[in-house]
Every structure is written in structure tokens, then in C-alpha cells.
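Q: Here you go, one structure.
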Amino acid sequence: MDKMNSEKMIRKSFSWFWLIAGLLYFFLPLLATFLFSLKGKKGVLSFVAYQHVFADPNFLNTFRFSLQMSVCTVLAGLGIIVPTAIWIHLRVPKAKPVIEFFTLLPFVIPPIILAFGLIRCYAKPPFALTTSPALLVAGYVVISFPYIYRAVDAGLSVMDLQMLTEAAQSLGAGWGSILFRIILPNLRTALLSAIFLTFATVIGELTLAVLLAWPAFGPYMAFVGRDLAYEPAALAILSFAMTWGAIMLIQIASRGVSGSRFSSGDIH
Amino acid sequence: MGFIELEGISKNFGCNTVVNELSLSVKKGEFVSFLGGSGCGKTTMLRMIAGFETPSKGSILINNVNVSNIPPARRKLGMVFQNYALFPNMTARKNIGFGLRISGIPRTETEKRVDEMLDLIHMTQFGDHYPHQLSGGQQQRVALARAIIVKPGALLLDEPLSALDAKIRIQLRDDIRAIQQQLGITTIYVTHDQEEALSISDRVAVMREGRIEQIGTPLNIYNRPATSYVASFIGTLNMFYGSVVDAEKGVVTVGESLLRTAESISVDSGKTVRVAIRPEALSLFNNETMSDANFLPGRIETIKFLGSTVRFIIKFEDKFISMDCFNTPQFKMPQKGEQVSVTFSREACQILPGDAIPFCYHE
């Protein structure tokens with residue numbers, strides 16, 4: 001009995017150790033960056049670096065632009081990938097390994113290759129899109145593809161999609177009802193993960209925005225970081241806070257839309 | 001013409017034939033069960049009726065309309081699944097009302113009918129619970145209510161009780177039958193559990209390798225199995241090889257014993273047959289034993305006490321016979337190793353062909 005208790009204690013201690021280690025790993029650099037961002041004035045901790053950042057009109061302009069691109073990327077990405085993933089789960093489950101292979105490609109192919117490929121293909125008529133933000137969004141969709149697909153795929157794997165679809169069909173539901181009343185509400189947690197990852201990726205993305213020459217937040221942070229000391233740290237903290245803020249807003253908004261107390265734990 | 005007509009239905013998955021030329025007519029308000037082991041095609045047949053699979057051959061008629069190529073959403077059939085398939089994001093009340101909401105029934109009417117359904121399944125106080133807050137039995141009740149609230153032409157149940165524990169299973173199966181009879185809804189029920197099928201069905205279709213091996217009332221299926229497969233699949237059975245001595249008089253030999261059947265045998269004299277006897281049809285020889293009964297001598301090898309019954313395993317020549325006796329206060333328990341004479345009536349002695357080819361009794 002004592003042996004069992006001591007084993008339990010050891011297991012519990014290990015759990016706490018890894019939890020604390022993980023939290024330190026993630027939050028110590030953030031704390032260090034935050035403290036560094038407060039040292040803009042010599043000898044005292046102040047928010048002067050933050051004042052400089054807010055005073056620069058490029059900060060809000062670039063962040064707003066990246067936010068717009070994030071929203072477009074999320075809409076386009078979910079619009080393409082969610083129906084595809086559902087179709088694969090329902091009709092062609094054998095194609096799953098092929099799609100999973102494609103999801104790895106954005107990790108293997110550097111963004112610079114993607115950017116040059118897009119410029120080469122879409123610089124001339126009939127597809128002269130290099131001056132359109134749609135090309136940037138298309139590039140972001142490719143980069144976000146693994147995050148969106150894997151989050152949606154995990155969500156679909158947890159629920160018995162086939163059976164829920166058949167149950168809804170037997171009650172007279174068409175595909176619209178099945179998608180918007182059954183599948184999407186039950187995918188809420190997975191969709192939020194996909195949205196969060198896409199936001200985080202797009203907000204700080206540098207290569208595509210630079211090569212396609214768009215005034216995005218990623219290039220702005222790189223520009224500021226090149227010439228100033230404390231402002232980049234303040235920017236990093238601000239972008240972190242704003243990304244989380246945007247995600248929380250999405251979560252609150254989507255809770256209002258779905259109107260249910262559903263959580264990932266509800267799926268059995 | 002039945003309410004549901006299955007006409008020569010076949011289903012192939014690649015080169016594998018899962019349902020083979022199956023025909024069946026189900027009357028309006030009838031409760032028919034498809035009973036069979038895994039892979040016999042019973043669930044595939046149900047899914048074809050529901051519209052989730054398309055027959056490779058044959059046609060499905062519901063109320064005289066060929067629905068073979070009509071999508072499931074337009075067949076107006078209620079379906080209950082093995083794993084409940086409740087929508088996790090909806091409460092029990094919303095699950096039940098889903099079919100009405102999407103068909104545009106006004107909210108007040110929907111609420112009224114949902115309340116009636118909750119009352120019918122005795123779950124009035126659980127309307128606002130989410131599926132994960134309900135037990136398996138409660139979830140299946142909600143699934144049943146959800147399927148019948150839309151007043152479907154027929155109700156299809158795909159092993160609805162197999163995920164539940166024994167006590168709930170018995171209770172819910174009685175409830176399903178009671179609700180089916182109350183509403184008079186035509187029902188097709190798929191199960192691998194013979195007790196379940198026999199206890200709630202008007203007719204049972206025993207399936208094997210994509211075909212109906214035998215269809216009949218539960219009593220008929222149990223007492224008059226048409227093939228060796230049905231005889232061995234339904235209940236416990238003693239089966240011996242025997243040789244026909246006099247087909248006209250219904251006399252066969254099993255080992256060194258001569259047995260008499262109640263009817264003549266449609267197999268020529270001298271041919272090999274199977275003699276099937278239910279354990280509950282056997283008894284120990286006593287003063288009340290009829291003079292024209294059959295006898296088999298043997299020695300008690302094992303005694304298994306099963307509560308209301310006692311099962312004896314008796315060695316007869318080189319074979320073993322299973323015999324069930326009721327555990328009544330008057331019952332005089334024989335001892336292990338005791339020499340006994342097992343007796344059974346002529347009617348209890350069923351003759352089946354030596355192989356598994358379907359076989360007809362002389363009526």
C-alpha cells in the first residue's frame with residue numbers, strides 16, 4: 001500500500017515537474033522580452049518603447065493589413081479545406097495518406113520557393129495577379145494548409161462523421177443542414193485551433209509579404225528590429241497580445257453563433 | 001403485396017457478394033428481424049433499405065414505390081443505430097426535434113410533439129441533457145424517439161441494443177416492442193442475438209452468406225428449423241448423425257438405438273440424416289414417461305446448476321447429450337456418474353438432412 005502511494009507521489013511529482021518546466025520554457029523568454037521592452041528609459045522601467053510603437057502610424061497600418069489578410073486566409077482556407085476533409089472522411093478515406101503527404105509539403109518547400117513560383121506563374125496575363133492581395137492570400141493558404149487540415153482532420157476523426165451524417169440523412173436533412181447544423185458545430189474546437197494557428201502564422205509571416213511587396217506586419221517588425229533596440233521587444237509583446245486578443249474575440253463570437261455549451265469533451 | 005418488398009436484392013463489394021438474391025415481403029405494421037452471425041449481410045441489407053447502400057441488383061419497394069435510387073433523406077424511414085448517433089451539440093430535446101425542425105414544422109408544433117415523445121420514452125426530466133450526460137440506454141431511447149417523431153413509413157434498427165448491458169437490453173427491447181405495437185409502425189430489426197430476435201419479432205429471417213436461410217415466426221424458427229444451420233444457430237441443440245431405417249414410418253438409428261419421429265421422413269431409407277433434439281425436450285425416465293417415447297441410455301458426466309434450470313451432460317455411447325431440467329422443489333437431483341435413461345417424445349425428434357442443404361418437413 002505504501003509502495004503504491006509512493007509510486008503515485010513520484011508520478012504526481014513528475015507531472016508537476018514537466019508542467020512547470022514547460023511553462024518556464026514558454027514564459028521565461030516572454031517575460032525576459034517584456035522586461036527588456038520596459039528598459040527604453042535608462043535606469044527605470046517604463047513604457048516608452050510602447051509609446052514609440054503606438055506613435056508610428058505604420059504599426060497600426062501594417063497590423064490592420066495583416067489582420068485583414070489573416071481573415072481572408074482563414075475564410076479561404078476553411079472554405080477549401082473543410083469540405084475537402086469532410087469529403088475525404090466520408091467518401092474516399094483511402095485518399096487520406098495522399099492528402100497528409102501534401103500537408104507536409106509546405107514544411108519541406110521553403111516559402112521563398114513558393115513566392116518565386118507564385119510570381120513566375122501569376123506575373124503575366126491571363127493571370128496577372130502579383131498586384132492583387134489575392135495572390136498573397138493564396139500563398140498564405142498554402143502555408144496554413146497543414147495547420148488547418150490537421151486540426152480539421154483531428155476534429156473529424158473524433159466524431160463518428162459517417163454515422164452522424166447518416167442519422168441526419170435518415171431524418172430528411174440535406175447537405176446544407178448536415179454541414180451547418182451537425183458537422184460545423186461539432187468541429188468548433190478544431191476550427192478554433194485551425195483559426196488560431198492560421199492567425200499566428202499569417203500575422204508574423206515575412207517572406208511572402210516581402211517578396212510580393214505588401215506592407216504586412218512581419219516585414220514591419222523586421223524593419224523596426226533592424227534599426228531600433230527596445231521597440232522590437234515591445235512589438236513582439238504587442239503582437240502576441242493582439243493575436244491572443246483576436247482569437248478570444250473569435251471564440252466569443254463563435255460561441256454566440258453556435259449557441260451551445262459544446263466543447264471538445266462532448267464528442268464521444 | 002407487402003408494405004416493404006425486397007425483390008431479388010444482391011449487393012457486391014468488388015468480387016465479394018454480401019447479399020445474394022434476397023427477396024422478402026414485410027406487411028404493414030409487422031416487426032421482422034434479420035438474425036445472423038457477423039458477415040451474413042443483415043446490416044448491408046438494412047442499409048440498402050435505408051438508402052445508404054445501393055443494391056447491385058434487384059429493387060426495393062416501399063408502399064408500392066420503387067425507392068432503389070431515391071436518396072435516404074427522401075425515403076421517409078426512421079433509423080436507429082448501434083452507437084446511438086445522437087448529435088453531440090444538441091440536447092435530448094433538440095435531437096428529438098431535429099427531423100421536425102428541418103422539415104419546417106412550426107416551433108410550437110415541434111415542441112408539443114417533442115414533449116409527447118419524451119413522455120413516451122419516459123424521459124421528460126432529461127430533455128435538456130446533452131448526450132454525454134445520458135446513459136447508453138437513455139441515449140438509445142432518445143435515438144428511438146428522434147427516429148419515430150417524424151412519423152416514418154418504417155423503422156429500421158441496426159443492432160440497437162448491442163452496446164448496452166444485459167439488464168438495460170432486456171428492458172429496452174420490451175420498450176421497443178411496446179412502442180412499435182402502440183404506433184403500429186412497420187419495423188425491420190437487425191441483430192445477432194437470437195433471444196432478442198425471438199422475443200420481440202412477429203417474424204424472424206435467419207440469414208447466412210447473404211441469403212435468408214429460413215423465415216418464420218419465432219416459434220416456427222425455434223421448433224421447426226428448416227436447415228441444420230438454423231437448427232444449430234438458434235438455441236442449444238443436440239445433433240447426431242443417424243441412418244434412416246423406415247422413411248415412411250419415421251424410424252432412424254442413432255448408434256445402437258432406434259428412434260421414432262412423429263412424421264415420415266423425406267429421405268430414402270438407408271441414407272444418412274441428422275437427428276436434432278433440444279435439451280429442454282429431454283427428461284429422465286420415470287413412471288410418467290409415455291410408452292411410445294424414445295429412449296437413450298447414458299451416464300451423467302457433468303451437472304451444471306444454472307438457477308432456474310439444471311443442465312446435465314450425459315454420455316451416450318461415444319456422444320454427449322445436453323439435457324435441461326427445471327429446478328422445481330419436486331425435482332430429484334441425480335448424481336454425477338449415475339446411469340440414467342434419457343427419454344423424449346417423437347415430436348421432439350427432428351430430422352435434418354445429413355448436409356446443410358435446405359430441407360422440408362412433411363406437414
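The values are calculated or read from the model by the stated rules, or taken from the named source; none is laboratory data. Every value quoted in this text rests on a predicted model; they were computed, and no experiment measured them. Using ideal geometry, Cβ is built from the backbone for each residue, glycine included, and neighbour counts are taken over all protein chains shown. Surface accessibility is based on the protein's heavy atoms, side chains included, excluding ligands, DNA and RNA. Shrake-Rupley method; radii C 1.70, N 1.55, O 1.52, S 1.80 Å.
Q: State the dimensionless ratio Rg/Rh of the protein assembly as shown (Rg: radius of gyration of Cα atoms; Rh: Kirkwood radius).
A: Using Cα coordinates only, the ratio equals 1.15.
Q: Over chain A, with every protein chain in place, what whole percent of the accessible area is carbon and sulfur at 1.4 Å, could you tell me?
A: 72 percent
Q: Residue farthest toward the positive end of the dipole of the protein assembly as shown, with Cβ of Lys/Arg at +1 and Asp/Glu at -1: which of A:A49, A:I203, A:P185?
A: A:A49
Q: Could I ask something else about it? Identify which of B:T186, B:T124, B:T328 has the largest mean-square fluctuation in a Gaussian network model of chain B, with springs joining Cα atoms closer than 10 Å.
A: Ranking B:T186, B:T124, B:T328 by mean-square fluctuation puts B:T328 first.
Q: Amide H neighbours of B:V80 under 5 Å, at least 5 residues apart or on other chains, H built in the peptide plane: list them.
A: Residues meeting the amide H criterion: B:L156, B:L157, B:D158.
Q: A follow-up question, please. Return one quarter of the surface area of the convex hull spanned by the alpha-carbon atoms of the stretch B:93-141, equal to its mean projected area, in nm².
A: Projected over every direction and averaged, the Cα hull of the stretch B:93-141 covers 3.2 nm².
Q: Tell me which residues come under 5 Å, amide H to amide H, from B:E338 once H is placed; ignore anything under 5 positions away on its chain.
A: Under 5 Å from the amide H of B:E338 lie the amide H atoms of B:I300, each far enough along the sequence or on another chain.
Q: Roughly how many Å is it from the Cα centre of the stretch B:70-99 to that of the stretch A:87-142, as a whole number?
A: 38 Å
Q: In 10 Å bins starting at zero, report the fraction of Cα pairs in chain A per bin as a rounded %.
A: 6, 22, 27, 24, 15, 5, 1, 0
Q: Another question about this same structure. Each residue of the stretch B:65-71 in order: what ³J(HN,Hα) in whole Hz does its phi give by Karplus 6.51 cos²θ - 1.76 cosθ + 1.60, θ = phi - 60°, with x for Gly and Pro?
A: Computed from phi, the couplings for the stretch B:65-71 are 10, 6, 9, 3, 10, 8, x Hz.
Q: Taking the highest mean first, how do the peptides B:68-78, B:39-49, A:222-232 order by number of other beta carbon atoms within 10 angstrom per residue?
A: B:39-49, B:68-78, A:222-232
Q: Quote the accessible area belonging to A:W214 in square angstrom, nearest 10, computed with a 1.4 Å probe and with ligands, DNA and RNA left uncounted.
A: My reading of the accessible area for A:W214 is about 50 Å².
Q: Not counting ligands, DNA or RNA, and with a 1.4 Å probe, what is B:E317's accessible surface area in Å² rounded to the nearest 10?
A: Ignoring ligands and nucleic acids, B:E317 comes out at about 80 Å².
Q: Gap in Å between the Cα centre of the stretch B:127-188 and the Cα centre of the stretch A:45-65?
A: Going from one Cα centre to the other spans 62 Å.
Q: If you don't mind, another one. Counting C-alpha atoms alone, how compact is the stretch B:236-353: give Rg to one decimal and Dmax as a whole number, in angstrom.
A: 14.4, 46
Q: Any idea of the accessible area per residue across the protein assembly as shown, 1.4 Å probe, to the nearest Å²?
A: Counting only protein heavy atoms, the per-residue value for the protein assembly as shown is 51 Å².
Q: Taking a probe of 1.4 angstrom, what is the accessible area of B:R113 in Å², to the nearest 10?
A: Here the residue's solvent-accessible area equals roughly 40 Å².
Q: Can I ask one more? Using only Cα atoms, figure out Rg for the stretch B:4-229 and give it as a multiple of 2.2 N^0.38 Å.
A: Against the empirical 2.2 N^0.38 Å value, I get 1.01 for the stretch B:4-229.
Q: Mean Kyte-Doolittle hydropathy of 0.0 or higher plus an axial Cα length of 24 Å or more: which whole DSSP H helices in chain A meet both?
A: Going by DSSP H runs, the hits are A:2-37, A:57-90, A:133-158, A:230-258.
Q: The stretch B:71-168: which chymotrypsin sites (Phe, Trp or Tyr not before Pro) are DSSP loop and have at most 15 other beta-carbon atoms within 10 angstrom?
A: Of the chymotrypsin sites (Phe, Trp or Tyr not before Pro), not one in the loops of the stretch B:71-168 has a Cβ with at most 15 other Cβ atoms within 10 Å.
Q: Please give the length that would be gained between B:I168 and B:S135 if that part of the chain were fully extended, namely 0.36 nm times their separation in residues minus their C-alpha to C-alpha distance (nm, one decimal).
A: Extending this stretch completely gives an extra 10.9 nm.
Q: Apply the Karplus curve 6.51 cos²θ - 1.76 cosθ + 1.60, θ = phi - 60°, to the phi angles in the stretch B:302-310 and return the couplings in whole Hz, x for Gly and Pro.
A: Couplings: 9, 10, 10, 8, 10, x, 6, 10, 10 Hz.
Q: Another question about this same structure. Compute the angle between helix B:166-183 and the longest alpha-carbon principal axis of chain B, please, reported from 0 to 90 degrees and rounded to the nearest 10.
A: Roughly 70 degrees, rounded to the nearest 10.
Q: Taking every residue in B:342-353, how many Cβ atoms of other protein chains lie within 10 Å of its Cβ, on average?
A: Neighbouring Cβ atoms belonging to other protein chains average 0 per residue here.
Q: Please average, across the residues of A:176-189, the number of beta carbons from any other chain that are within 10 Å of each residue's own beta carbon, and give a whole number.
A: Per residue, the average neighbour count from other chains is 2.
Q: Along its three principal axes, how long is the stretch B:1-79 when you only count alpha carbons? Whole Å, largest extent first please.
A: Projected onto the principal axes, the Cα atoms of the stretch B:1-79 cover 33, 25, 22 Å.
Q: Test of understanding: extend the Cα→C-beta vector of A:T33 to 7 Å, then name every residue of the stretch A:210-231 with backbone N under 20 Å from that spot.
A: Only A:210, A:216-231 fall inside the zone, counting backbone N under 20 Å.
Q: Same structure again: Mind checking the mean number of beta-carbon atoms from other chains within 10 Å of the Cβ atoms in B:73-82?
A: Numbers: counts 10, 3, 3, 3, 3, 2, 6, 2, 6, 1.
Partner Cβ neighbours, averaged per residue: 4.
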